[in-house]
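Worksheet for the structure shown next.
The values are calculated or read from the model by the stated rules, or taken from the named source; none is laboratory data. In this text the structure is predicted, and so the values were computed from the model without any measurement. In this analysis, Cβ positions are derived from the backbone assuming ideal geometry, glycine residues included, and neighbour counts consider all displayed protein chains.
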Amino acid sequence: MSIIEGVATGQLVDTDSSLTVLDFVREFFSNPAEVASLLPSSSFLHREIARQANLKSAKYIVDLGPGLGGTTRSLLQWSNNQARIVAVETNETFVAHLSQLGDARLSVVHRSAADLRQIIEDNDLPQADVIVSGVPFSTMDAATSNAMIDGIYSSLKPGGSFIAYQLRDRVCQLAEPLFGPASISFVWRNLPPLRVFCWQK
Ligand SMILES: C[S@@+](CC[C@H](N)C(=O)[O-])C[C@H]1O[C@@H](n2cnc3c(N)ncnc32)[C@H](O)[C@@H]1O
C-alpha cells in the first residue's frame, strides 16, 4: 500500500475534520495509553526540536505520533521547499485532521510507528535525515518499543538525527544500545515539561 493510498482508501473516518485542543483532550480520555499527553505540545517544544534538527538542509523528515499536527506544522515551517515529510499516526481522528493540512510536501500514513521500516520500503523512500518522535515509549510493551527503535535506527541515514520528546526516559534505555548516549535538553515551558532526547546515527 502506498502512502497516498493509505490516506485515501477509507482508513479515514472523518473527511471534514478540524480539531481543537478540546478534541485532543477527548482523544486522551478515550485512549490514554496511546495519546499519553493531556495537551498537545507547545511552540516552545517545536522551537527546541527545530533547533536540534538542522531542518534547513533536511530532505526527508519523519514525524512519528504527530497528533493534532503541531510538530508537523513546525517541521513544514522550518524545512525547505524540497523537503518531504512523512507523518505516521495510529489515531484515526488525528489522521483525518492531519490529512487536511494541505501541504504537498506532507504525506500522512495511518499506521504504527513500529512499522516504519516497512513504510519506508513499501514506498521506496530513502533513509530519513531526521526522525522526530512523540510516541509514548513508556506505555508500550517491550516487543513493540524494541521493534520501533530498531525501525527508527534502520530508517535513519548515517549522520541523521533522531529526536524524541518524552516525559519519561524509557526511550533512552531503548535507544542507547544502538545510538549511544543522548544529548538531553529540557523544555520547562511545555505543559507538562518535557525532555528532548537527541541522537545522531
Ligand atoms: C504525546 S502525543 C504527541 C502528539 C503531538 N505530536 C504533540 O506534540 O502534541 C503521542 C502521539 O503518538 C500517537 N501514537 C501512539 N502510539 C503510536 C504508534 N505506535 N504509532 C504512531 N503514532 C502513535 C498518539 O496517537 C498521539 O498522537
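Restricting attention to the range 54-95, the residues that are among the charged types (D, E, K, R), more than 23 Å from GLU34 (Cβ to Cβ) and in contact (Cβ under 8 Å) with a residue 60 or more places away in the chain add up to 1.
For (1) more than 18 Å from GLN52 (Cβ to Cβ); (2) away from the ligand (no atom under 13 Å from the Cβ); (3) surrounded by 20 or more Cβ atoms within 10 Å (Cβ to Cβ), each residue gets a yes or a no:
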site	(1), (2), (3)
SER74	no, no, yes
SER79	no, yes, yes
VAL86	yes, no, yes
THR93	yes, no, yes
SER99	yes, yes, yes
GLY102	yes, yes, no
VAL108	yes, no, yes
SER112	yes, no, yes
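Within the range 175-201, no residue satisfies the criterion of being at pLDDT below 95 and assigned to a helix (DSSP H, G or I).
The C-beta contact set for the range 96-111 (first residue touching a residue at least 24 places away in the same chain (Cβ under 8 Å), second residue hydrophobic (A, V, I, L, M, F, W, C) and assigned to a loop (DSSP other than H, G, I, E, B), distance under 7 angstrom, 6+ apart or interchain) comprises ALA96/LEU12; ALA96/VAL13; HIS97/LEU19; HIS97/LEU68; SER99/LEU12; ARG105/ALA83.
Of the helices (runs of 4 or more DSSP H) lying entirely inside the range 1-115, those containing at least 1 residues that are modelled with pLDDT of 90 or more span 21-30, 32-35, 43-53, 70-78, 92-98. Filtering VAL187, VAL132 for residues that are under 15 Å from the mean Cα position of the chain (by Cα) and not acidic (Asp, Glu) leaves a single hit, VAL132. Under the condition of being among the polar types (S, T, N, Q) and buried (at least 23 other Cβ atoms within 10 Å of the Cβ), which residue from the range 131-160 is farthest from LEU68 (Cα to Cα)? The qualifying residue farthest from LEU68 (Cα to Cα) is SER155. In the range 176-194, the residues that are farther than 27 Å from SER154 by Cα and touching a residue at least 40 places away in the same chain (Cβ under 8 Å) reach residues that are among the basic types (Lys, Arg) and assigned to a strand (DSSP E or B) with C-beta atoms within less than 8 angstrom, at least six apart or across chains, in these pairs: VAL187/ARG195. Regarding VAL171, is this residue hydrophobic (A, V, I, L, M, F, W, C), in a helix (DSSP H, G or I) and within 15 Å of the ligand (Cβ to nearest atom)? Criteria met by VAL171. The condition (being closer than 23 Å to ALA175 by Cβ, of a type in the set (Lys, Arg) and either crowded, with 16+ Cβ neighbours inside 10 Å or near the ligand (Cβ under 9 Å from one of its atoms) (or both)) is satisfied by just one residue among ARG117, ARG51: ARG117.
For the range 120-130, the set of residues classified as at negative phi and either surrounded by fewer than 15 Cβ atoms within 10 Å (Cβ to Cβ) or without any contact (Cβ under 8 Å) to a residue 40 or more places away in the chain (or both) consists of ILE120, GLU121, PRO126, listed by residue number. Evaluation of VAL35 against the conditions (1) in contact with a Leu (Cβ under 9 Å, 6 or more places away or on another chain); (2) aliphatic (A, V, I, L, M); (3) crowded, with 22+ Cβ neighbours inside 10 Å shows that the sole unmet condition is (1). Inside the range 72-90, residues that are under 21 Å from SER30 (Cβ atoms) and either hydrophobic (A, V, I, L, M, F, W, C) or in contact with a helix residue (DSSP H, G or I) (Cβ under 6 Å, 6 or more places away or on another chain) (or both) make up a count of 3. Only one of the listed residues (SER155, SER145, SER133) is within 17 Å of PHE197 (Cα to Cα), touching a residue at least 60 places away in the same chain (Cβ under 8 Å) and hydroxyl-bearing (Ser, Thr, Tyr). That residue is SER133.
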